[in-house]
Amino acid sequence: MLKLAIRNILRQKVRTGMTLSAIIFGVLGLILSGGFIQDIFVQLGEALIHSQSGHMQVVKAGYFTYGSRSPEKYLIENPDGLKKRIAAQPGVDDVLLRVNFSGLLNNGRTDWPIIGEGVEPDKERKLGSFMHIVEGRQLADGDDFGITLGHGVATALQVAPGDRISLLLNTPEGALNTMEFEVIGVFQSFSKDFDARAVRIPIAAAQELLGTSGINTLVVSLGKTPDTDRVAAALRPQLEREGYELQTWVQLNDFYEKTIDLYKQQFGFLQLIILLMVLLSVANSVNMSIFERVGEFGTMMALGDRRQDVFRLILTESAVIGLVGSVVGALLGVGLAAVISEIGIPMPPPPNANLGYMAAIRILPLEVLSAMLIGLVATVCAAVLPAARVVKIPVVDALRQWI
């Protein structure tokens, strides 16, 4: 049966070519669209991780709910022991300390309300690979009185690298404290709202301003983003017993899941259209091929072949064509995805973002296998109904098709 099916496929070159083309382009479209969608999800997540949140953050219990109003009430004193325990967890690349505060910046002409972070400059530079420096440079460990400003803050105060600026804030005891800084650089992260209010200074300067040696947040950086849930599950029970709270980057960036849901609906509809086009194209090609060969099938039945044999032959031919078309489509899809990824696809900034990026087509084994399976199943399913109708045609009527 398989040999006869292959001979028939090779004999019907035009019909076979039409069906193969429909399958190949369908599988190709599914692989490219699926890889493009996955790249958007991955790049958005990596941008959030490597510009603001890190993979996880550990704070005192209640900080995520109430800490934005009074961060000084949720200070972690002597965090070195906690930092070492977290850093020893398999999969953890580094642990960074941050002190959060709010205050006013003054450039000598006007004040601007800000939210600030005291950070470890060299470690933050390593983590913040998606933090784009518009002017100047990033903070370094030697910049004891340096400050970097979000693009929105620098624009509002009309300051540039090299300018002097004063930072005024309240200490935990309620006193006012001020310190003068030199603007080192202006940054853009992936969030326009963050850039409109955020500044960063060395952690030692932030602690001196606040009059404390404590910190608010331990930012955990992992070697691989997919390890996030595993590491979080390992750390969370012990941290909760000690009065700490842990949130992953997904929990910290609430709009990420909402954006992903929106994109999934939009691109899911696009993939559904591609899938329907594949099914209709394949069904049309298979229908034409089968009904043009009614006389051939009638001759087979007249020579003694049973109707179920003819039915099996038609499905075998469709399965072979579907398999060949799916494999060729997958190979072309993977090759084209690699070429496009090498070139890159310029993308505009996503919603609530300042920065565009270069998209790629991610080659995911499950997406490729899924596209191949759809191509194969679609071809076989498209042949079932026409095959069932053909074998029901009386032999005499089928033979008349040759006349």
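The values are calculated or read from the model by the stated rules, or taken from the named source; none is laboratory data. Please read all numbers here as calculations on a predicted model, not as lab measurements. Because the Cβ atoms are built from the backbone with ideal geometry, glycine has one as well, and the counts that use them run over all protein chains shown. Heavy atoms of the whole protein, side chains included, go into the accessibility calculation; ligands, DNA and RNA do not. Shrake-Rupley method; radii C 1.70, N 1.55, O 1.52, S 1.80 Å.
The table that follows gives values for the structure above.
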| item | result |
| --- | --- |
| Evaluated over region 110-199, the Cα radius of gyration and Dmax, each in Å | 12.8, 37 |
| Cα pair distances exceeding 28 angstrom across region 245-388, given as percent | 44 percent |
| Listed residues Gln57, Gln247, Gln89, most fluctuating in the chain (Gaussian network, C-alpha, under 10 Å) | Gln89 |
| Share of carbon and sulfur in the accessible heavy-atom surface of the chain [1.4 Å probe, %] | 60 percent |
| Prolate/oblate/rounded call for region 185-226, Cα gyration tensor, a/c under 1.5 rounded | oblate |
| At R0 = 45 Å, FRET efficiency that the Cβ-Cβ distance of Arg230 and Leu303 yields, to 0.05 | 0.10 |
| Evaluated at q = 0.07, 0.11 Å⁻¹: base-10 log I(q)/I(0), Debye formula over Cα of the chain | -0.51, -0.84 |
| Neighbour cut-off at most 12 other Cβ (10 Å), DSSP loop, trypsin sites (Lys or Arg not before Pro), region 258-314 | Arg306 |
| Loop-exposed GluC sites (Glu not before Pro) per DSSP, neighbour cap 16 Cβ within 10 angstrom, longest uninterrupted part of the chain | 293-403 |
| Accessible surface, per residue, of region 25-154 when the full set of protein chains is kept, probe 1.4 Å, Å² | 42 Å² |
| For Tyr244, residues with placed amide H under 5 Å, excluding near neighbours | Ala61 |
| Region 56-139: trypsin sites (Lys or Arg not before Pro) in DSSP coil with no more than 12 other Cβ atoms inside 10 Å | Arg69, Arg109 |
| Above-threshold pairs, the threshold being 28 Å between Cα atoms, out of Lys13/Lys264; Lys224/Lys258; Lys83/Lys264; Lys73/Lys258; Lys73/Lys123 | Lys13/Lys264; Lys83/Lys264; Lys73/Lys258 |
| Mean shadow area of region 52-178 over all directions, Cα convex hull, nm² | 9.1 nm² |
| Listed residues Gly136, Gly174, Gly103, most fluctuating in the chain (Gaussian network, C-alpha, under 10 Å) | Gly174 |
| Within the chain: Cβ-based charge dipole about Cα centre, in debye rounded to nearest 20 (Lys, Arg +1; Asp, Glu -1) | 2420 debye |
| Hull shadow area, averaged, region 201-252 [alpha-carbon convex hull, nm²] | 4.9 nm² |
| Helical segments meeting 30 Å axial Cα length and Kyte-Doolittle -0.5 threshold in the chain (DSSP H) | 13-48, 254-291, 307-343, 365-391 |
